[in-house]
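Heads up: the structure comes next, in structure tokens.
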Amino acid sequence: MLCRAVDRHLKKTHNIMNSSNEIQGDGSFEFLLNGRPHRVNCGTTVADLLKHLKVGSAVAVEIDGELIVADRHAFCTLRESNKVEVVTLAGGG
Amino acid sequence: MSTMREILSESELNQDLHTRDLPLLRIGSFELRSRLILGSGRYSSFEVMREALHASGAECVTVAVRREKLHDSDGRNILDYIDTNRYILLPNTAGCYDADTAVRCARMGREILLRLNNPGAKWVKLEVLGDNRTLLPDPVETLRATERLVRDGFQVLCYTSDDPIIAKKLKTAGAVAVMPAGSPIGSGLGIANPHNLQLILELLKNDDSEFPVVVDAGIGTASDVTIAMELGADAVLLNSAVAKATYPVLMAQAMRAASESGFLARMSQRMGKSRYGSASSPEHGQIAKWLVNESEQ
């Protein structure tokens, strides 16, 4: 138990991502955001995530391959093991 | 193919037409005055891109769908440099190698454009590649994606190779425009196979003269655009030829002139070709006969 707490403390202090996507003792969990691990608290919605990321409105969000339209952002809660894509427009031909 | 007389009246064909008077380009539910569609990638800066877009006279600009750079400290977004009230955006599925990914990409592009309230939410430039070296399209996956996107309500502008048969199949599948490559994307090789492009134009416009065929990819310089338009293309879509020119804004201006020039030349119905010369000046009343072959004297 002590080891787990120390491990958690170290990871938090040194901003090290936990490779496990299980819900941690502090109520947070990890999921894949644009291919990289990202940690949020339980209950985080897509709208919360976008606000936290400070991205503008010109984005689209997909969870596990399914498009989440803007109207659903506030109601769609993230879960551990989710693969989330947040995309925007870029230059292209 | 339709003759210009079906589009313009005889008197209009004999006028000095201003660009604004030229027939509109119709693709799906869209009407465009410019026959040039410009890409927004690979410019040295967003500022140069903005100036090039302006100089090109294009009303439609292609954009890609990419992961948000969540940790970019720069904070600049391409949309700060494209007036979405002025330009119709055409989201592409560039970089997709299978139908499933292309459909996902198209849906995400539509979602973004809906949020921007841009009319481009209705359409998509479908691009499904088959090989990352040549960037040539995968015809099977392109056809599969076209069928799915059409069912999903998209107006699909299909990037394809210059193969007439697959072009026909894409049209039959419900694409609102077929966009054969002049040559591989970003190659600058121009119209590598004009004969195939002519076959595509014949095949797709045979029973539907208004069906839009847009030459997409491979353009290197202004004359490539003019040739495509003279051959009968309805428009040209290009990016690298402008973005990679030493002076992109000047090249954008050249492309604008080239698309108008090629279109006007096609409308004019060019003269026939001859193996021999034919003097423009009167043959009678010459002061000397010394250039005439001796045998004719």
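Scanning the stretch A:61-92 for residues that are within 11 Å of chain B (Cβ to nearest Cβ), in contact with a helix residue (DSSP H, G or I) (Cβ under 7 Å, 6 or more places away or on another chain) and in a loop (DSSP other than H, G, I, E, B) returns A:Gly65, A:Val69, A:His73.
Quick check: anything in the stretch B:209-219 in a helix (DSSP H, G or I), crowded, with 18+ Cβ neighbours inside 10 Å and touching a Ser or Thr at 6+ places or on another chain (Cβ under 6 Å)?
Here is the first cut: in the stretch B:209-219, the residues in a helix (DSSP H, G or I) are none.
No, because not a single residue in the stretch B:209-219 is in a helix (DSSP H, G or I), crowded, with 18+ Cβ neighbours inside 10 Å and touching a Ser or Thr at 6+ places or on another chain (Cβ under 6 Å).
Do you know which residues across the stretch A:70-93 are loosely packed, with under 14 Cβ neighbours inside 10 Å and without any contact (Cβ under 8 Å) to a residue 12 or more places away in the chain? Residue satisfying the conditions is A:Asp71 alone. Scanning the stretch A:51-60 for residues that are part of a loop (DSSP other than H, G, I, E, B), closer than 17 Å to A:Asn34 by Cβ and at the interface with chain B (Cβ under 7 Å from one of its Cβ atoms) returns A:Val55, A:Gly56, A:Ala58, A:Val59.
Screening the stretch B:233-271 for residues that are surrounded by fewer than 21 Cβ atoms within 10 Å (Cβ to Cβ), in a loop (DSSP other than H, G, I, E, B) and of a type outside the set (Val, Ile, Thr) and picking the one that is farthest from the other protein chains (Cβ to nearest Cβ) gives B:Met271. β-branched (Val, Ile, Thr), surrounded by 17 or more Cβ atoms within 10 Å (Cβ to Cβ) and either within 13 Å of another protein chain (Cβ to nearest Cβ) or over 20 Å from the mean Cα position of the chain (by Cα) (or both), is that true of B:Thr62? Yes.
Within the stretch B:119-126, is even one residue facing chain A (nearest Cβ under 10 Å), within 28 Å of B:Ala192 (Cβ to Cβ) and modelled with pLDDT of 95 or more? Taking every residue of the stretch B:119-126 in turn, at least one turns out to be facing chain A (nearest Cβ under 10 Å), within 28 Å of B:Ala192 (Cβ to Cβ) and modelled with pLDDT of 95 or more.
Within the stretch B:265-282, residues that are in contact (Cβ under 8 Å) with a residue 60 or more places away in the chain sit with their Cβ atoms under 8 Å from residues that are among the acidic types (Asp, Glu), at 6+ positions apart or across chains, in these pairs: B:Arg266/B:Glu230.
All conditions in (1) at the interface with another protein chain (Cβ under 10 Å from one of its Cβ atoms); (2) among the acidic types (Asp, Glu); (3) in contact (Cβ under 8 Å) with a residue 12 or more places away in the chain hold for B:Asp98, with the sole exception of (1). Among the residues of the stretch B:154-175 satisfying the criterion of being among the β-branched types (Val, Ile, Thr) and either under 13 Å from B:Leu201 (Cβ atoms) or more than 14 Å from the chain's Cα centre (by Cα) (or both), which is nearest to the other protein chains (Cβ to nearest Cβ)? Taking the candidates together, the pick is B:Val156.
The values are calculated or read from the model by the stated rules, or taken from the named source; none is laboratory data. If you're wondering where the values come from, they're calculated on a predicted model, not measured in any experiment. Using ideal geometry, Cβ is built from the backbone for each residue, glycine included, and neighbour counts are taken over all protein chains shown.
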